[in-house]
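Readers should treat all values here as calculations from the given coordinates under stated rules, not as data from a laboratory. Because the structure is predicted, anything quoted here is derived from the model rather than measured. As a convention, Cβ positions derive from the backbone with ideal geometry for all residues, glycine included, and neighbour counts pool all protein chains shown.
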Amino acid sequence: MQLTLYMTSTLNGYIATENDDTPWSTAVWKSYYTIAKKFNAIILGRRTYEMMKEVNELEKMGNPFTIVVSTTKSPLHSNVIFVMSPKEAVKVIKEKNITNALIGGGGKLNASFMKQNLIDKLGFVEKFERNIAKHRL
Ligand SMILES: NC(=O)c1ccc[n+]([C@@H]2O[C@H](COP(=O)([O-])OP(=O)(O)OC[C@H]3O[C@@H](n4cnc5c(N)ncnc54)[C@H](OP(=O)(O)O)[C@@H]3O)[C@@H](O)[C@H]2O)c1
């Protein structure tokens, strides 16, 4: 099992604007979807999951099996499961024999995985021509 954290970030370490926009170019988004499709599952923080769901972002990634980390338990959907912690997310990945999962943000979720030393690989798409502010990786 391998866990890869992959994020789009400005060179100075911002991952979104203060109102949660991620104003990357079409080419950057396309590259992100291509990368995301190589994984068997995606792990998301509850806020990012809600944002992605609203704009059908998961569809563009081919509707991967999705694990949402949240302290608020939610009902099970067919392809989406809610867990209470990063460690529980890892447990699900192992139980389902998933070999290759993407940690897809946002900042809080990524920080939790980093602090608990649960990441095997780290990847960035850097977008340096726009200096956006607020959400730091
Ligand atoms: N640039 C990129 O590649 C990229 C990718 C994804 C997201 N983003 C941006 O990131 C921002 C969202 O990030 P965020 O930090 O605000 O939110 P987030 O990490 O997406 O979600 C935070 C929520 O996830 C749950 N959570 C996270 N860590 C947890 C832990 N260790 N244990 C239990 N629950 C945990 C909690 O949910 P509950 O409150 O339900 O307990 C928490 O409130 C948005 O602006 C989004 O656009 C950028």
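Given R₀ = 35 Å, FRET efficiency for Met114-Asn56 by Cβ-Cβ distance, to 0.05?
Plugging the Cβ-Cβ distance into 1/(1 + (r/R0)^6) gives 0.75.
Which residue fluctuates most in the GNM of the chain (Cα springs below 10 Å): Ser85, Ser70, Ser31?
Ser31
Short version: ³J(HN,Hα) in whole Hz for each residue of segment 106-117, in order, from phi by Karplus 6.51 cos²θ - 1.76 cosθ + 1.60 (θ = phi - 60°), x for Gly and Pro, what are they?
Coupling constants for segment 106-117: x, x, 5, 4, 4, 4, 4, 5, 5, 4, 8, 6 Hz.
How far is helix 26-36 tilted, in degrees, relative to the longest principal axis of the Cα atoms in the chain, given as a value from 0 to 90 rounded to the nearest 10?
Helix 26-36 sits roughly 20 degrees off the main axis of the chain.
Rank Ile119, Ile15, Ile67 by mean-square fluctuation in a GNM of the chain with C-alpha springs under 10 angstrom and give only the top-ranked residue.
Result: Ile119 has the largest fluctuation of those listed.
Rounded to the nearest 20 debye, what is the charge dipole size of the chain about its Cα centre when +1 sits on each Lys and Arg Cβ and -1 on each Asp and Glu Cβ?
Rounded to the nearest 20 debye, it is 340 debye.
Starting at the first residue of segment 62-71, write each ³J(HN,Hα) from the Karplus equation 6.51 cos²θ - 1.76 cosθ + 1.60 with θ = phi - 60°, in whole Hz, x for Gly and Pro.
Once rounded to whole Hz, the list reads x, 6, x, 4, 10, 10, 9, 8, 7, 7.
For a 26 Å ceiling on Cα separation, which of these pairs sit above it: Lys91/Lys115; Lys53/Lys91; Lys30/Lys53; Lys38/Lys73; Lys60/Lys115?
Table pairs above 26 Å Cα-Cα are Lys38/Lys73; Lys60/Lys115.
Can you give the longest run of the chain that contains no trypsin sites (Lys or Arg not before Pro) sitting in a DSSP loop with at most 16 other Cβ atoms inside 10 Å?
Counting only loop sites that pass the neighbour cut-off, the longest clear stretch is 1-36.
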